[in-house]
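Read the structure below first, then the notes.
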């Protein structure tokens with residue numbers, strides 16, 4: 001044996017020792033049942049039998065390189081009631097190795113942690129064989145879930161990272177809830193190297209300067225990760241942060257610390273190897289602890305104690321060890337974490353608060369959410385500036401970039417009209433017994449407090465939400481579970497009757513928010529938004545019905561117009577709050593007040609209704625003292641009429657519907673772009689004709705220089721406010737470009753000598769890195785559509801989406 005062979009064997013044995021240590025640590029943190037389930041993962045992939053979970057037909061490839069079940073594995077089969085397999089070698093195994101990665105066996109593993117498993121398959125497997133293996137993986141995920149263990153499988157081609165991206169090595173799955181698609185590449189491999197455990201198959205050659213060999217799995221060299229990859233990776237971590245922000249903050253800050261060292265970055269995988277080769281297998285040689293240590297060193301060097309304090313809390317909470325509880329089990333992490341917390345000089349009360357995180361009230365939760373979001377966006381901004389000097393990564397699909405940014409825009413939007421949901425993190429319930437609305441004359445806003453309406457209760461309290469309208473406070477509290485069935489609502493200085501009305505309104509809203517929101521698919525995000533629900537909240541800010549002296553029964557009897565009631569022709573509707581749920585998963589609240597509120601809200605919703613399905617859910621909630629039923633019935637019927645006219649109108653005509661508001665008769669004019677209202681007092685004969693039929697169809701007037709007359713009519717159906725939209729039509733040499741900005745203002749130009757792909761890349765780069773208003777519109781990247789003729793008709797096709805993935809949840 002040569003000296004080189006001896007050195008190679010020493011390296012392999014040392015790496016294998018770390019693998020055994022990690023396996024022991026992982027098992028030590030699991031319950032006996034979950035230990036057996038972990039041991040069964042390779043068994044169910046090596047043996048493919050009809051009596052085993054995950055069986056999906058005889059053609060599914062199976063077998064793991066040089067795998068044989070141990071006595072412990074056979075005992076696990078007994079425990080779970082599975083027939084013991086016959087120990088045999090598979091001649092041509094389909095799987096080179098099975099590996100867990102992520103927080104498994106690290107400080108970051110806690111009772112709620114999932115297990116991410118990489119299946120590195122044989123390079124010769126065909127697409128259909130990979131599809132069957134993927135299908136089996138999904139069935140196994142379902143089987144493990146019934147025992148309370150979340151196992152996510154990812155198929156990996158052995159040349160996926162090292163090849164120059166030929167089609168055959170592309171991941172089978174595009175971007176999804178648990179799959180980063182093209183957003184991460186080398187940085188994902190670096191995370192795998194620093195955290196992997198070989199459960200079965202080939203040992204991973206993950207150390208510096210490793211070489212490929214028949215007996216080892218070498219996926220590529222991560223010593224020089226290109227700068228362009230940091231942008232996509234930071235977007236992916238922010239997306240993961242929508243669900244687990246405390247975990248994503250640590251990851252995005254690690255990226256920031258890596259970028260600060262570029263191009264001489266010392267990766268965590270290198271630090272893990274350094275500890276390993278020095279013979280250090282203590283708890284200090286842990287990928288998650290070294291991740292924290294790297295961030296700590298970076299923030300101390302930057303003299304940033306505020307961010308460091310939040311990072312420490314996130315790391316502590318991710319570990320799931322409760323140091324203030326005497327009965328806490330003392331596993332292999334306990335003493336290291338205890339020592340660490342001592343050096344942080346935390347008070348006993350802070351430790352107890354963190355350990356009680358499952359019972360945080362909404363005020364604590366909201367404060368922590370705000371800190372996490374602010375820090376994540378700060379890191380993203382730093383990484384954006386770092387990446388802006390480089391091109392977008394060639395491996396990052398622009399369609400996936402658009403998906404990620406669209407999803408992030410729905411959560412991190414600075415739009416004050418959007419209702420942002422609270423991330424409950426660990427809290428089981430954040431409902432309150434009492435909620436009190438207080439109007440602040442200084443702020444000129446309504447403030448929501450989690451206490452009863454007596455002065456002493458407000459001592460030490462801070463408001464949890466503010467808004468110009470009462471209805472938005474109600475909606476926010478109900479949507480986030482702060483207001484539940486038993487919650488009592490109050491308003492400081494208001495009567496008990498007002499309290500009762502608020503409670504009833506909150507119960508009505510619970511039915512609106514309670515059903516699980518319809519899923520958001522990729523196709524939904526590729527297309528313009530549509531309305532899914534419309535909720536009209538009437539007279540919550542101001543209510544003249546309290547002073548009205550009339551009889552409600554007479555309003556019904558005379559079929560009176562509540563927008564122009566009595567001899568005084570008074571409009572009884574003074575304020576409207578419109579809650580909208582759209583197909584991007586966004587809840588928005590728009591406030592209207594004054595005599596023309598009803599006309600303004602109808603004009604606003606009409607373009608969106610035109611794009612929406614006919615089963616659009618409409619709810620009306622009146623907060624007024626009187627005329628409740630009359631308001632709800634009238635507004636519901638009026639909205640239905642508006643929807644019907646919006647869907648009925650053709651591009652060549654205008655429909656008109658009359659409506660009297662206060663003392664003025666208005667015409668509501670509907671065309672294919674939307675609705676406008678106009679005073680009809682100067683058109684007596686025209687109005688007489690309207691009153692006879694209640695509806696009249698007019699020829700579409702000559703629109704002169706109106707921009708929409710010069711563009712393909714199909715674009716009108718896709719125009720959506722709030723989004724920048726590019727419609728692209730390729731000719732032989734030129735590209736026809738139609739651009740609608742966020743206010744639906746049109747621009748048109750012809751781009752010479754360029755392709756659709758080139759223009760999409762150029763525009764995406766501009767909006768990602770160079771947009772002047774990047775701080776406020778940081779995620780509002782344009783939507784791209786192709787204009788193509790299908791069966792002779794010009795159609796709009798979303799850019800970069802295949803039909804197979806269009807219906808996937810995202």
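The values are calculated or read from the model by the stated rules, or taken from the named source; none is laboratory data. Model, not experiment: these values are computed from the prediction. Heads up, the Cβs are rebuilt from the backbone with ideal geometry, glycines too, and the neighbour counts pull from every protein chain shown.
The sole residue among 71, 66 that is at positive phi and more than 37 Å from the chain's Cα centre (by Cα) is 66. Does residue 125 count as within 30 Å of residue 188 (Cβ to Cβ) and either surrounded by 13 or more Cβ atoms within 10 Å (Cβ to Cβ) or more than 36 Å from the chain's Cα centre (by Cα) (or both)? The answer is yes for residue 125.
Taken over the stretch 334-362, the criterion of being within 23 Å of residue 253 (Cα to Cα) and either in a loop (DSSP other than H, G, I, E, B) or touching a helix residue (DSSP H, G or I) at 6+ places or on another chain (Cβ under 9 Å) (or both) is satisfied by 336, 337, 340, 341, 344, 345, 346, 354, 357.
What single numbered condition from (1) surrounded by 12 or more Cβ atoms within 10 Å (Cβ to Cβ); (2) on the phi > 0 side of the Ramachandran plot; (3) at pLDDT below 95 fails to hold for residue 49? Exception for residue 49: condition (2). Against the conditions (1) more than 18 Å from residue 766 (Cβ to Cβ); (2) in contact (Cβ under 8 Å) with a residue 24 or more places away in the chain; (3) more than 18 Å from the chain's Cα centre (by Cα); (4) not in a helix (DSSP H, G or I), residue 365 satisfies every one except (4). Tally time: how many residues in the stretch 506-552 are part of a helix (DSSP H, G or I) and at pLDDT 70 or above? Residues in the stretch 506-552 being part of a helix (DSSP H, G or I) and at pLDDT 70 or above: 17 in total. Hey, could you check the stretch 738-772 for residues that are in contact with a helix residue (DSSP H, G or I) (Cβ under 7 Å, 6 or more places away or on another chain) and under 12 Å from residue 784 (Cα atoms) and say which is surrounded by the fewest Cβ atoms within 10 Å (Cβ to Cβ)? Result: 761. Of the helices (runs of 4 or more DSSP H) lying entirely inside the stretch 204-312, the ones with 3 or more residues being closer than 30 Å to residue 398 by Cβ are found at 229-241, 245-261. Among the residues of the stretch 40-60, those identified as assigned to a helix (DSSP H, G or I) and over 33 Å from the mean Cα position of the chain (by Cα) are 43, 46.
Considering the stretch 773-810, and only residues there that are surrounded by 13 or more Cβ atoms within 10 Å (Cβ to Cβ) and out of contact with any strand residue (DSSP E or B) (no Cβ under 9 Å at 6 or more places or on another chain), the residue that is modelled with the highest pLDDT turns out to be 781.
Among residues that are surrounded by fewer than 22 Cβ atoms within 10 Å (Cβ to Cβ) and under 31 Å from the mean Cα position of the chain (by Cα), residue 447 is included.
Among residues of the stretch 450-467 being assigned to a loop (DSSP other than H, G, I, E, B) and within 27 Å of the chain's Cα centre (by Cα), the one that is farthest from residue 588 (Cα to Cα) is 463.
Table: residues versus (1) at pLDDT 85 or above; (2) touching a strand residue (DSSP E or B) at 6+ places or on another chain (Cβ under 9 Å); (3) under 22 Å from residue 579 (Cβ atoms).
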{"site": "412", "(1), (2), (3)": "no, no, yes"}
{"site": "452", "(1), (2), (3)": "yes, yes, no"}
{"site": "462", "(1), (2), (3)": "yes, yes, no"}
{"site": "466", "(1), (2), (3)": "yes, yes, yes"}
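Inspect all residues belonging to the stretch 450-465 and state whether any of them is out of contact with any helix residue (DSSP H, G or I) (no Cβ under 7 Å at 6 or more places or on another chain) and buried (at least 22 other Cβ atoms within 10 Å of the Cβ). No. Applying the criterion of being surrounded by fewer than 23 Cβ atoms within 10 Å (Cβ to Cβ) and in a helix (DSSP H, G or I) to the residues of the stretch 178-188, the residue that is modelled with the lowest pLDDT is 186.
Scanning the stretch 729-743 for residues that are over 27 Å from the mean Cα position of the chain (by Cα) and under 19 Å from residue 713 (Cα atoms) yields 729, 730, 731, 735, 736, 737, 738. Where residues in the stretch 313-327 are in contact with a helix residue (DSSP H, G or I) (Cβ under 7 Å, 6 or more places away or on another chain) and not in a helix (DSSP H, G or I), which of them is surrounded by the fewest Cβ atoms within 10 Å (Cβ to Cβ)? So, considering only residues that are in contact with a helix residue (DSSP H, G or I) (Cβ under 7 Å, 6 or more places away or on another chain) and not in a helix (DSSP H, G or I), the one surrounded by the fewest Cβ atoms within 10 Å (Cβ to Cβ) is 325.
Of the numbered criteria (1) more than 30 Å from residue 426 (Cβ to Cβ); (2) surrounded by 13 or more Cβ atoms within 10 Å (Cβ to Cβ); (3) without any contact (Cβ under 8 Å) to a residue 60 or more places away in the chain; (4) out of contact with any helix residue (DSSP H, G or I) (no Cβ under 8 Å at 6 or more places or on another chain), the one residue 114 fails is (1). Filtered by the rule that a residue be in contact with a strand residue (DSSP E or B) (Cβ under 8 Å, 6 or more places away or on another chain) and more than 17 Å from residue 214 (Cα to Cα), the stretch 91-128 gives 99, 100, 101, 102, 104, 105, 114, 115, 116, 117, 118, 119.
In the list 102, 81, 138, 97, which residue meets the criterion of being touching a helix residue (DSSP H, G or I) at 6+ places or on another chain (Cβ under 8 Å) and either under 29 Å from residue 31 (Cα atoms) or at pLDDT 95 or above (or both)?
Within the list 102, 81, 138, 97, the selection yields 102.
Is it fair to say residue 581 is part of a strand (DSSP E or B), out of contact with any helix residue (DSSP H, G or I) (no Cβ under 8 Å at 6 or more places or on another chain) and in contact (Cβ under 8 Å) with a residue 24 or more places away in the chain? For residue 581, the condition - part of a strand (DSSP E or B), out of contact with any helix residue (DSSP H, G or I) (no Cβ under 8 Å at 6 or more places or on another chain) and in contact (Cβ under 8 Å) with a residue 24 or more places away in the chain - is met.
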